[in-house]
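As structure tokens, the structure follows; a few thoughts come after it.
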């Protein structure tokens, strides 16, 4: 465990020190010549001005035929020069795209202009074509793997906490072991798949681009790619933690320190890949994001462990010992989720108008509404614990007595999956402040 602890501690120190002082996605502010302009003579370059500093590796400018144009940096970090050729008809049309250095979101557009005031239009049919955008299928794939990643993170972190804090004997239960092993496998695979899909999404490519080694190399050279690589390494280290748990090391102080380090790394790298740490106070945003993710993981992972591993055993002694403890843990987790969620929502959205009239704000409202349904189911479960747990123990886990609690837990689990799906959509949505 000693090499694991040293490596995990170093990674956590780096991740904890990282801040994200961004406000929204990188957008084009202006261009020279402007879209639709008719300059008197053909320019030798096009100037693009963005709303924040960009790396040349994050900017792509193509002709309508797909040829990539050379770029150069100016004295200002947010201004990029694009070398232009000399088309025979005097009409220029280019496609630009930029990847946000913080969360990997792609913005794109089209600029067309023609030389001479007598030019018809601003570039022909190419200029009137819609601006390029990330492939819908790639975006759906990215949402799907992020949903799987969120679910795997919650099941793994929450499951580890559930077994180590509430149910040490669960390390030897086949259902609990299978759930943790499945969560680890899905988490690692989802992270690897996210790298390829993120590259295809940022370059406006298709699924084939997500499988190319060059796409992975391009993404891993960016800040979002470094975060994804760190998350992948954390999943590899998590395999050591999981193996030690399955061998009965849950009560070892060394194992607990290693598990805490890996948990911190997984949660932090997940938060760094989205909007949640953005805003005018990035440090507070990062803290709130960590609390939000930790609360969700403890709640969801514990809920799944309870529903899939503890309840099917129907052992009255376990019910009497585990269920009240999880009820208290879930109540504390929900408090953290709601409090941190309010901070994050206001920090990212920024106004009531954006909350009501942007797609990001509307998705956030949907997530809140579904979360309300989850809390109703959780309240029903808590009432069962308070009023009927003793009866269930006396009847030695009688199925008819435990069944209402099982239904409530199942409903809570199903609604939680919907919440995670909406969360995955929020990551690729523009806050639209």
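Bear in mind these aren't lab numbers, they're just calculated from the coordinates by the rules spelled out. Quick caveat: nothing in here was measured; it's all calculated off a predicted structure. Here the Cβ is made from the backbone with ideal geometry for all residues, glycine too, and neighbour counts use every protein chain on show.
List 52, 321 from most exposed to least, where exposure is judged by having the fewest other Cβ atoms within 10 Å.
The fewest-first ordering by Cβ neighbours comes to 321, 52.
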7 Å from Cα along Cα→Cβ at both residue 243 and residue 165: what's the point-to-point distance in nm? 2.7
Between the modelled labels at residue 321 and residue 185 (7 Å from Cα along Cα→Cβ) the distance in nm is 3.0
May I ask you to derive the FRET efficiency for residue 342 and residue 140 from their Cβ-Cβ distance with R0 = 25 Å, giving the value to the nearest 0.05? 0.25
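Give me 269, 335 sorted ascending by neighbouring Cβ count inside 10 Å, so fewest comes first.
Neighbour counts put them in this order, fewest first: 335, 269.
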Output row, site residue 27, 7 Å Cα→C-beta label point, backbone N cut-off 14 Å, window segment 50-86, residues 50-52
Pair residue 45, residue 221: separation of 7 Å Cα→Cβ label points (nm): 2.1
Using the number of other C-beta atoms within 10 angstrom as an exposure proxy, rank 292, 172 with the fewest first. 172, 292
